[in-house]
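Everything on this sheet refers to the single structure shown next.
The values are calculated or read from the model by the stated rules, or taken from the named source; none is laboratory data. Not measured: the values here are computed from a predicted model. Here the Cβ is made from the backbone with ideal geometry for all residues, glycine too, and neighbour counts use every protein chain on show.
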Amino acid sequence: MGNQGYEELSNEQAKQLIDQGVSVIDVRDQGKYDEAHVPGAILVPLNDILANPAILPEGDILFVCNIGRSSGVASQMAVASGRTGIFNLRDGTEGWVRDGLSVEGELS
């Protein structure tokens, strides 16, 4: 666990969590989400989370964005609101696709 209160995950680590049923939250906009997203990811734009962190589901959460930066902000916000079990996909959807992992959306 990093000193920021959440954990940065590699694709392999994230895949294991996803297989275990972690909630995957994609914090990008609708257009990017529609193009390609990690399988099972739910779209909750970053601005919505910043406005109201209580909209996040209970339990552990894996945040995903394009390259890991916006999802890092979402992770910080979740931790700041008292949440635990927060994870960030380090290289985002771009890294996920680059590693040849499957996605859902128009590009799949």
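Please determine, by comparing only the residues of region 52-71 that are assigned to a loop (DSSP other than H, G, I, E, B) and among the polar types (S, T, N, Q), which one is farthest from residue 105 (Cα to Cα).
Here is the first cut: in region 52-71, the residues assigned to a loop (DSSP other than H, G, I, E, B) are 52, 56-60, 65-68.
Right, trim to among the polar types (S, T, N, Q) and you get 52, 66.
Working: 52: 27, 66: 14 Å.
Filtering first and then ranking leaves 52.
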message: Scan region 4-21 and tell me whether some residue there is of a type outside the set (A, V, I, L, M, F, W, C), at pLDDT below 95 and not in a helix (DSSP H, G or I).
response: yes
statement: Of the residues in region 61-84, those that are under 20 Å from residue 20 (Cα atoms) and surrounded by fewer than 16 Cβ atoms within 10 Å (Cβ to Cβ) come to 84
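Looking at 48, 60, 34, which is the one that is modelled with pLDDT of 95 or more, within 19 Å of residue 101 (Cβ to Cβ) and not basic (Lys, Arg)? Give the steps one after another, and end with the answer.
Details: 48 fails: within 19 Å of residue 101 (Cβ to Cβ); 60 fails: within 19 Å of residue 101 (Cβ to Cβ).
Answer to the selection: 34.
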- prompt: If you take the residues in region 34-51 that are in a helix (DSSP H, G or I) and under 13 Å from the mean Cα position of the chain (by Cα), which one is farthest from residue 107 (Cα to Cα)?
  reply: 49
query: Do you know which residues across region 46-60 are more than 13 Å from residue 24 (Cβ to Cβ) and either crowded, with 19+ Cβ neighbours inside 10 Å or touching a residue at least 40 places away in the same chain (Cβ under 8 Å) (or both)?
result: 46, 49
- prompt: Do you know which residues across region 23-33 are buried (at least 18 other Cβ atoms within 10 Å of the Cβ) and outside any strand (DSSP E or B)?
  reply: 27, 28, 33
message: Would you confirm whether or not region 77-86 contains a residue that is modelled with pLDDT of 95 or more, assigned to a helix (DSSP H, G or I) and touching a Phe, Trp or Tyr at 6+ places or on another chain (Cβ under 9 Å)?
response: yes
